[in-house]
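K.L.:
Structure in structure tokens, see below.
The values are calculated or read from the model by the stated rules, or taken from the named source; none is laboratory data. Just so it is clear, the model here is predicted, and its values are computed rather than measured. For accessibility, only protein heavy atoms count, side chains too; no ligands or nucleic acids. Shrake-Rupley method; radii C 1.70, N 1.55, O 1.52, S 1.80 Å.
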Amino acid sequence: MFGMITKALLQGPRTRLYPHVPAHKYAHTRGQVCIDITNCIYCGLCSKNCISDAIVIEKAEQKWQIDRLRCIACSGCVESCPKDCLFLVPEYHAPVEGACVDVVIGPAPEPAV
Ligand code: SF4
Ligand code: SF4
């Protein structure tokens with residue numbers, strides 16, 4: 001026990017004071033899901049295939065939203081999107097208190113002529 005304590009004291013903490021100390025990124029770090037909504041057709045496949053129920057689509061409002069605290073970065077939505085709108089970036093979302101829902105609104109539809 002004494003040996004373990006001494007070793008821990010000499011080696012320092014195993015954790016980082018994130019976000020004050022940036023997180024280390026590995027080659028395959030899955031940070032968070034992002035969307036390029038310009039090609040989104042609001043088909044809802046990303047939402048249907050999300051095992052965490054993290055994505056909500058509101059087609060009438062052209063709204064795509066993700067609950068960051070539900071998402072486990074499994075990439076299921078990315079792989080299921082037929083329009084390649086979704087992608088993972090290696091940056092983690094900043095820590096938050098309470099709910100963390102990001103809402104992305106698509107461009108207004110072209111006016112009918
Ligand atoms: S699967 Fe892709 S195209 Fe369909 S709603 Fe999701 S992001 Fe949009
Ligand atoms: S990465 Fe996985 S958990 Fe996160 S929104 Fe996509 S399907 Fe859901």
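K.L.:
Please list, in chain and number order, the residues 5+ apart from residue 100 or on another chain whose amide H is under 5 Å from its amide H, with Hs placed from the backbone.
P.N.:
68, 69
K.L.:
Grab the Cα-Cα distance for residue 36 and residue 80, subtract it from 0.36 nm times how many residues apart they are, and report the gain in nm with one decimal.
P.N.:
Separation in residues times 0.36 nm, less the Cα-Cα distance, equals 14.4 nm.
K.L.:
Compute a Gaussian network model of the chain, connecting alpha carbons closer than 10 Å, and tell me which residue from 68, 14, 30 fluctuates the most.
P.N.:
Result for the chain, Cα springs under 10 Å: 14 fluctuates most.
K.L.:
With θ taken as phi - 60° and the coefficients 6.51, -1.76 and 1.60, list the Karplus ³J(HN,Hα) couplings across region 63-76 in order, rounded to whole Hz; mark glycine and proline as x.
P.N.:
Coupling constants for region 63-76: 10, 10, 9, 9, 8, 5, 7, 8, 5, 10, 6, 7, 6, x Hz.
K.L.:
Continuing with this model, one more query. Take the alpha carbon gyration tensor of region 20-79, find the square roots of its eigenvalues, order them as a ≥ b ≥ c, and report rounded if a/c is under 1.5; if not, report prolate when a/b exceeds b/c, else oblate.
P.N.:
Note, shape of region 20-79 comes out prolate.
K.L.:
Now for a separate question. I'd like the accessible area for residue 96: 1.4 Å probe, protein heavy atoms, all chains in place, Å² to the nearest 10.
P.N.:
Approximately 70 Å² of residue 96 is accessible to the 1.4 Å probe.
K.L.:
Now, a different point. Taking the Cα atoms only, what angle lies between the long axis of helix 2-11 and the longest principal axis of the chain, rounded to 10 degrees?
P.N.:
60
K.L.:
So for region 25-105, if I pair up every lysine 8 or more residues apart or on another chain, how many of those pairs have alpha-carbons under 20 Å apart?
P.N.:
Number of lysine pairs found: 5.
K.L.:
With the chain treated as a Gaussian network of Cα nodes joined by springs under 10 Å, which of 54, 27, 73 yields the largest mean-square fluctuation?
P.N.:
Its mean-square fluctuation being the largest, the pick is 27.
K.L.:
Could you bin all the Cα-Cα distances of the chain into 10 Å bins starting at 0 and give me the percent of pairs in each, rounded to whole numbers?
P.N.:
Percent of pairs per bin, in order: 12, 35, 25, 15, 8, 4, 1, 0, 0.
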